[in-house]
Amino acid sequence: MTFNLHIQALDPHKSTLRLEGRLDAMTFGEFDRELEKVLQQMETGSTLVLDLSSLQYISSAGLRSIAKARKHMRARGGHTLLLNPQVQVRKVFDIVKAVP
């Protein structure tokens, strides 16, 4: 299975991205490149929404990419929301305590 990133809403105040497939060592680079384009367009204090409902798998490389995005948003006074993770993806976040 591959990885696809769908930009559902691109706005300087709130952007929503839907992740689909597998975010792992083979696909995190693609995610990082596309995410960087989105982050450059977002204003200070904005919100990044990552819809994980179609994400089947996430590895440590994928976690690292999401952590970088959260760090970037936090540094600019913004927020990152992770929505609708599937059970297997939620377990990975819970194991590493990546989400409060």
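Bear in mind that the values in this text are calculations on the coordinates, not laboratory data. In this text, all values refer to a predicted model and were calculated from it rather than measured experimentally. Every residue, glycine as well, gets a Cβ built from its backbone with ideal geometry; the counts of neighbours run over all protein chains shown.
What aspartates and glutamates sit close enough to residue 68 to cross-link, taking a C-alpha to C-alpha distance under 18 Å and skipping anything fewer than 8 places away on the same chain?
Partners found: 24, 30, 32, 34, 36, 43, 51, 94.
Please state the relative contact order of the chain as a whole percent: Cα pairs under 8 Å, 6+ residues apart?
In percent, rounded to a whole number, it is 28.
Against the longest alpha carbon principal axis of the chain, how many degrees, from 0 to 90 and to the nearest 10, is the axis of helix 28-41 turned?
Once rounded, one gets 20 degrees.
Rg and Dmax in Å for the chain, alpha carbons only: what are they?
When restricted to the Cα atoms of the chain, Rg and Dmax are 12.4, 35 Å.
Could you work out the local net charge near residue 7, counting Lys and Arg as +1, Asp and Glu as -1, over the other residues with Cβ closer than 15 Å to its Cβ?
Within the 15 Å Cβ shell, the charges total -3.
Taking only Cα atoms, what is the 0 to 90° angle, nearest 10, from helix 60-75's long axis to the longest principal axis of the chain?
Computed tilt is about 20 degrees.
When the helices in the chain are scored as -39500 (n - 2.57) per DSSP H run of 4 or longer and the sum is shared across all residues, what 222 nm value do you end up with, to the nearest 500 deg cm²/dmol?
Computed mean residue ellipticity for the chain: -12500 deg cm²/dmol.
Need one number: % antiparallel among DSSP beta bridges in the chain, to the nearest 5.
Once the DSSP bridges in the chain are tallied, antiparallel ones form about 30 percent.
Before anything else, pin down the relative contact order of the range 35-79: Cα pairs under 8 Å, at least 6 apart, normalised by residue count, whole percent.
Reported relative contact order: 64 percent.
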